[in-house]
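Structure first, then comments.
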Amino acid sequence: MSELRKLGEGEKFSHATVGSINGFNGKVFIKDELKETSCEISFGTLEPGQAVPFFHSHKANEENYIILSGEGSFQVNSDVFSIAEGSIIRVATNCDRNLRNTSETASLVYICIQAKEGSLDGYTMTDAVITGRESLL
């Protein structure tokens, strides 16, 4: 079972790791450890043939799944479709969802980002400000 390990934090950041994605196994939620205030992020693994053991729905939050490795099937209400490494799936509120690893040999590893539906007012092109800070990298 993989764990989230905090690496550090400052006044304006938190830094943690789940380790190697290739060796990741289990389910880890990172909201509390990183003190997130705008979304919930989790890493999950499904072993060959395994599915999430329940369907679920959210009242206020949409979910975005990013498939990091493996292949499977995803179901939203009665719609079923194939997913694989590189797939990105947004699921709206008030509908059932689930996923299954359809591989016989490889794990399916994914990230799920949950945020309040309709709350994105600004984003990179409208919220960002280029600053004159000197690079220390």
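Side notes on the structure shown:
- Only lysines eight or more places from residue 12 in sequence, or on another chain, were considered; those with a Cα closer than 17 Å are 31, 35.
- When only Cα pairs below 8 angstrom with a gap of at least 6 residues are kept, the chain shows a relative contact order of 24 percent.
- Ordering 78, 107, 73 by the number of other Cβ atoms within 10 Å of each residue's own Cβ, fewest first, gives 78, 73, 107.
- Selection from 135, 10, 54, by position along the positive dipole direction of the chain (Cβ): 10
- Packing-based order for 43-49, 31-37, using average beta carbon neighbours within 10 Å, highest first: 43-49, 31-37
- 21 Å tail of the calculated P(r), segment 41-118, as % of Cα pairs: 20
- Inverse of mean 1/r across different Cα pairs in the chain, Kirkwood, Å: 16.7
- For residue 117, the residues whose modelled amide H falls within less than 5 Å of its own, excluding neighbours fewer than 5 places apart on the same chain, are 61, 62.
- By the count of neighbouring beta-carbon atoms within 10 Å, fewest first, 5, 100, 133 end up ordered 133, 5, 100.
- Eligible aspartates and glutamates near residue 116 by straight Cα distance, threshold 15 Å, same-chain separation 8 or greater: 36, 40, 62, 63
- Cross-link reach list, aspartates and glutamates versus residue 59, counting only Cα pairs under 13 Å and skipping chain neighbours closer than eight places: 96, 117
Every number in this text was worked out from the coordinates using simple rules, so none of it is lab data. Nothing here was measured: the structure is a model prediction, and the numbers come from that model. Because the Cβ atoms are built from the backbone with ideal geometry, glycine has one as well, and the counts that use them run over all protein chains shown.
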